[in-house]
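Peer 1: The structure is given below, and queries will be raised subsequently.
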Amino acid sequence: MGMRFHIDIVSAESSMYSGQADLLLVPTMMGEIGILARHAPLISELKPGLVRIILDNKEKYVVFISSGFIEIQPHIVTILAEKVIRSEEFVAAAADAARYIEKEHVTKSDLAFTKRSINSELELQIALYRTLEEVKNSKSGQRSWPQDNEMQE
């Protein structure tokens, strides 16, 4: 049994976990990190993923976080999460998603349509951006479109 440290996992809704651990695994924006007692102080942004609390060489507690921040001190770690789903709630969340899809009659063609819509919007935004960059970088200042008074002539 190694040295232990204290962990607090807090969401906007409630305190989700407060207890001891030998090892904590968290998904940060730079990759997953493992935290042991006496870890160097650190503050980092968390990305969506699983937080695993290990005690006595066993996964004691697993939660999914949507995003948040972690503050690491030598003997205490605090996780501030936007949304937390406990491991025992994973199955219920999956069942809720399945019921929603069934209720709304979401089909593969609907999902394909949504994907096409997103791709179309993305292509439009890229085109607008490129156009604005081209106009901004134009040394002559000429426009490729007529002004309102030129259209009337």
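The values are calculated or read from the model by the stated rules, or taken from the named source; none is laboratory data. No experiment lies behind these values; they were computed from the predicted model shown. Cβ placement follows ideal geometry from the backbone for every residue including glycine, while neighbour counts extend to all protein chains displayed. In case anyone asks, the SASA skips ligands and DNA or RNA and just uses the protein heavy atoms, side chains included. Shrake-Rupley method; radii C 1.70, N 1.55, O 1.52, S 1.80 Å.
Peer 1: Pull up the stretch 61-82, narrow it to residues that are over 17 Å from the mean Cα position of the chain (by Cα) and touching a residue at least 40 places away in the same chain (Cβ under 8 Å), then point me to the one that is least open to solvent (accessible area, probe 1.4 Å).
Peer 2: By that ranking, first place goes to 77.
Here's the yes/no breakdown for (1) touching a residue at least 24 places away in the same chain (Cβ under 8 Å); (2) open to solvent by less than 50 Å² (accessible area, probe 1.4 Å); (3) touching a Pro at 6+ places or on another chain (Cβ under 8 Å):
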| residue | (1), (2), (3) |
| --- | --- |
| 4 | yes, no, no |
| 11 | yes, yes, no |
| 26 | yes, yes, no |
| 31 | no, yes, no |
| 34 | no, yes, no |
| 49 | no, yes, yes |
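Peer 1: Further, regarding this structure: Scan the stretch 69-79 and tell me whether some residue there is on the phi < 0 side of the Ramachandran plot, modelled with pLDDT under 90, out of contact with any helix residue (DSSP H, G or I) (no Cβ under 7 Å at 6 or more places or on another chain) and not in a strand (DSSP E or B). Explain how you work it out, then say what you get.
Peer 2: Taking the stretch 69-79 and keeping what is on the phi < 0 side of the Ramachandran plot, we get 69-79.
Filter once more, so that each one left must be modelled with pLDDT under 90: none.
Taking every residue of the stretch 69-79 in turn, none turns out to be on the phi < 0 side of the Ramachandran plot, modelled with pLDDT under 90, out of contact with any helix residue (DSSP H, G or I) (no Cβ under 7 Å at 6 or more places or on another chain) and not in a strand (DSSP E or B).
Peer 1: Scanning the stretch 83-113 for residues that are surrounded by 12 or more Cβ atoms within 10 Å (Cβ to Cβ) and modelled with pLDDT of 65 or more, which turns out nearest to residue 9 (Cα to Cα)?
Peer 2: Here the answer is 84.
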